[in-house]
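Have a look at the structure below before the remarks.
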Amino acid sequence: MITIHGKEVPTELHEIADPATTALCIIDMQNDCCLPGGSAHEAGADMSMYEATIPRIAAFARTCREVGVPVINVRILTLPDGKSDSAAWLRLRLRANKSYSPENEGAWSFTVEGTWGAEFVPALSPEPGDFLVTKFRSSAFHNTDLDLILRSNGIQTVLVAGCTTEGCVESTVRDLCFYDYFGVVLSDCVGSDVPALHEASMLVMSAYRADIAASSEVARAWEATTR
């Protein structure tokens, strides 16, 4: 811990991710985004990274619950018949669909409310005591109650896991800075269906947007503080 302008600033992982003031935020780990058979996979997305990240996130979420760190499950929804879609949002989804395959036509349809694709992947279903945040755009802060939940529970640091690294994860991480939270990206618990974009996003975020740590590093820091 160092002092700048009379304010104590944490610099070590065990200070930044103090379990008493830390929460885990799991972003958009839903069937359409992360599993074979989901709309992203059917559009041509590479699901291989999620095969590794899903069990890691599940294991770390169990650790969080054991030590009393709140788990916040974030989901992105689309209302049926385009009722939550602006023209700008549809344009973004047109570009996203083309990124999977140049031959794709139309806007990528994903996580429509009430469908299998909108459900959390089975290994990451919310558990009793967890929080649930619903969003309709990339950032978990945009028009949601996430900030209210964090502040009401004395949270200062948010550990970020989930997908997609260069999309909803990075959007949320940027907003963490703007809302004056400490952000820690769990390097082994985020992923993308475009590995090159994952790497680019991690490079950008690690420059100064967030601290980067593996989930095992955080768990070890917690173990050390409870000895």
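The values are calculated or read from the model by the stated rules, or taken from the named source; none is laboratory data. In this text the structure is predicted, and so the values were computed from the model without any measurement. Don't worry about glycine lacking a Cβ; one is built from the backbone with ideal geometry, like all the others, and counts go over all protein chains shown. Accessible surface is based on the protein model in full, side chains and every heavy atom, while ligands, DNA and RNA are left aside. Shrake-Rupley method; radii C 1.70, N 1.55, O 1.52, S 1.80 Å.
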Quiz item: When the C-alpha atoms of segment 150-215 are aligned to their principal axes, what extent does each axis show, in angstrom, from largest down?
Solution: 37, 19, 18
Self-check item: Scattering profile of segment 92-167 at q = 0.11, 0.14, 0.19 Å⁻¹ [log10 I(q)/I(0), Debye over alpha-carbon scatterers]
Solution: -0.40, -0.64, -1.06
Quiz item: Among Glu66, Glu119, Glu166, which one moves the most in a GNM of the chain with springs linking Cα atoms closer than 10 Å?
Solution: Glu66
Self-check item: Phi to ³J(HN,Hα) by Karplus 6.51 cos²θ - 1.76 cosθ + 1.60 over segment 151-158, Hz, x for Gly, Pro
Solution: 5, 5, 10, x, 7, 10, 10, 10
Quiz item: How much accessible area per residue does the chain have, in Å², with a 1.4 Å probe?
Solution: 48
Self-check item: Accessible area of Ile16 in the full protein assembly, 1.4 Å probe (Å², nearest 10)
Solution: 10
Quiz item: Where does segment 53-103 land on Rg(C-alpha)/(2.2 N^0.38 Å)?
Solution: 1.77
Self-check item: Exposure rank, largest accessible area first [Asp147, Asp211; 1.4 Å]
Solution: Asp211, Asp147
Quiz item: When only C-alpha pairs under 8 Å and at least 6 residues apart count, what is the relative contact order of the chain, in percent?
Solution: 26
Self-check item: Calculated FRET value between Val9 and Asp81, using beta carbons and R₀ = 35 Å, to 0.05
Solution: 0.10
Self-check item: Taking the C-alpha atoms of the chain, convex hull volume expressed per residue in Å³
Solution: 124
Quiz prompt | Nearest-20 debye value, the chain charge dipole, Cβ charges on Lys, Arg, Asp, Glu | solution = 320
Quiz item: Got a sec? What order do Arg91, Arg65 fall in by accessible area at 1.4 Å, biggest, i.e. largest, first?
Solution: Arg91, Arg65
Practice problem: Determine the distance separating the Cα centre of segment 12-62 from the Cα centre of segment 91-165; give it in Å without decimals. | Solution: 11
Self-check item: Whole-Hz couplings from phi, Karplus 6.51/-1.76/1.60, listed for segment 192-202; x for Gly and Pro
Solution: 9, 8, 10, x, 5, 6, 4, 4, 5, 5, 4
Self-check item: the chain, helix-only ellipticity at 222 nm - DSSP H runs n ≥ 4, -39,500 (n - 2.57), divided by all residues, nearest 500
Solution: -10500 deg cm²/dmol
Quiz item: What residue among Ala40, Thr3, Gly114 has its Cα farthest toward the positive end of the dipole of the chain, where the charges are +1 on Lys, Arg and -1 on Asp, Glu, each on the Cβ?
Solution: Thr3
